[in-house]
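Report on the structure given below.
The values are calculated or read from the model by the stated rules, or taken from the named source; none is laboratory data. It should be emphasised that the depicted structure is a prediction, and the values quoted were computed from it without experimental measurement. Using ideal geometry, Cβ is built from the backbone for each residue, glycine included, and neighbour counts are taken over all protein chains shown. The accessibility values were calculated without ligands, DNA or RNA, using every heavy atom of the protein model including side chains. Shrake-Rupley method; radii C 1.70, N 1.55, O 1.52, S 1.80 Å.
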Amino acid sequence: MNDTLSLPEVLRSALAGLLDGLPPRQATQAVDRLIANYRGTTPTDAPVLRDRSDVAAYAAYRMPATFEAVRSALGALRAAAPGWTPGTHLDVGGGTGAASWAVSEAWGTQSSTVLDWAEPALALGRELAEASGVPALKATRWQRSRIGAALTVESTDLITVSYVLKELTGADRDTLVDQAARAARGAVVLVEPGTPDGYRRVLAARERLVAAGLRIAAPCPDSGRCPVADDASNWCHFSARVSRSSLHRKVKGGTLAYEDEKFAYVAAVRPEAVDAAAAEARIVRRPQIRKGLVMLELCRGEEESGRLGLVRENVSKKRHGELYRAARDADWGDAWPPRPDSD
């Protein structure tokens, strides 16, 4: 691949090369079925990706979005723990390897292993990694394993589980999260769709990670109880901008060159191994910009109660100067106030 391309551009190019000639109608039919499963709530006891056509459609439709969501979550983890670099990475239920691409972009020197129970997904993931020309991706190991209670998670520095929990029963989810908490020498990152159900799955996993002794590095300011947990009408989620390829637009019948991927996530670290400083607060809704004023909705630790709480902060041009300029540039999901070393 061209060394001047960014990794997201390399991914889009690799997808275009491998999926060239895929009949759009066939891809669209597979995508429609995958969307129904993606938005549903019923766990499955068989791989969602059944054959090459399913995997190709999935790669065109979902892989760039999964990459951007995991990339965003890893960015928050890196900001919290800038001195930590994982040497080994395990991607549980990784399919075609989107999370491994995101990990490779974040650190670039890790040794990754992708576990999935769909052999066609692993095969296409291997092809994409080889086409990337990126050494860390080309060296990725691809292992077929059933993701469930019988899975044994080996000890590793970083464990990612993205868009997998919804495919499992409640008992299997708990088992997987507990195993990840025990096996991670450094950090666990879980990503789910940015839906109410996705948030609830992340919330349940978050509670188990904390109970296992891990500390929340992102998105929460600390490991206290989530202030949204008892509000059935609200859920914590974020957004990542995804560039659409021409094939992507054909498959989805869209015209825009981008879409926004909504996702929920949690990044937890083993405190004795990773020196992580969580954000003082996190912007949990898109900032509202008015003339001379930016309104931020934040999740912030409450010192008196020791809990997390949702607060609104108004940053004005007249009163806050440099902070106001930072607020105008701030985005949904960012730490607040900006970290001293942030751009």
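Scanning region 178-189 for residues that are crowded, with 24+ Cβ neighbours inside 10 Å and assigned to a helix (DSSP H, G or I) gives a single hit, ALA180.
Taking first residues from region 258-286 that are more than 14 Å from ALA76 (Cα to Cα) and in contact (Cβ under 8 Å) with a residue 12 or more places away in the chain and partners that are among the β-branched types (Val, Ile, Thr) and assigned to a loop (DSSP other than H, G, I, E, B), the Cβ contacts under 9 Å between residues at least 6 apart in sequence or on separate chains come to LYS262/THR195.
The set of residues in region 205-221 being assigned to a loop (DSSP other than H, G, I, E, B) and surrounded by fewer than 16 Cβ atoms within 10 Å (Cβ to Cβ) consists of GLY213 alone. Contact map, region 173-196: residues that are under 16 Å from ALA267 (Cβ atoms) and touching a residue at least 12 places away in the same chain (Cβ under 8 Å) paired with residues that are among the aromatic types (Phe, Trp, Tyr) and not in a strand (DSSP E or B), Cβ distance under 8 Å, separation 6+ or inter-chain. Pairs shown: GLY186/TRP84; ALA187/TRP84; VAL191/TYR163; GLU192/TYR163; GLU192/TYR199; GLY194/TRP235. Output the number of residues of region 156-170 satisfying the condition of being at pLDDT below 95 and open to solvent by 30 Å² or more (accessible area, probe 1.4 Å). Looking only at that region, the number is 3.
So is GLU192 open to solvent by 40 Å² or more (accessible area, probe 1.4 Å) and acidic (Asp, Glu) or not?
No: the conditions fail for GLU192.
Among the residues in region 112-124, are any part of a strand (DSSP E or B) and of a type in the set (Val, Ile, Thr)? Break it down into steps so the answer makes sense when it comes.
First pass over region 112-124, keeping only residues part of a strand (DSSP E or B): 112-116.
Now restrict to residues that are of a type in the set (Val, Ile, Thr): 113-114.
Yes, region 112-124 has at least one match.
Scan region 125-141 residue by residue and report those that are open to solvent by 30 Å² or more (accessible area, probe 1.4 Å) and either assigned to a helix (DSSP H, G or I) or of a type in the set (Ser, Thr, Tyr) (or both).
Taking region 125-141 and keeping what is open to solvent by 30 Å² or more (accessible area, probe 1.4 Å), we get 126-127, 130-131, 133-135, 138-139, 141.
Selection gives ARG126, GLU127, GLU130, ALA131, PRO135, LYS138.
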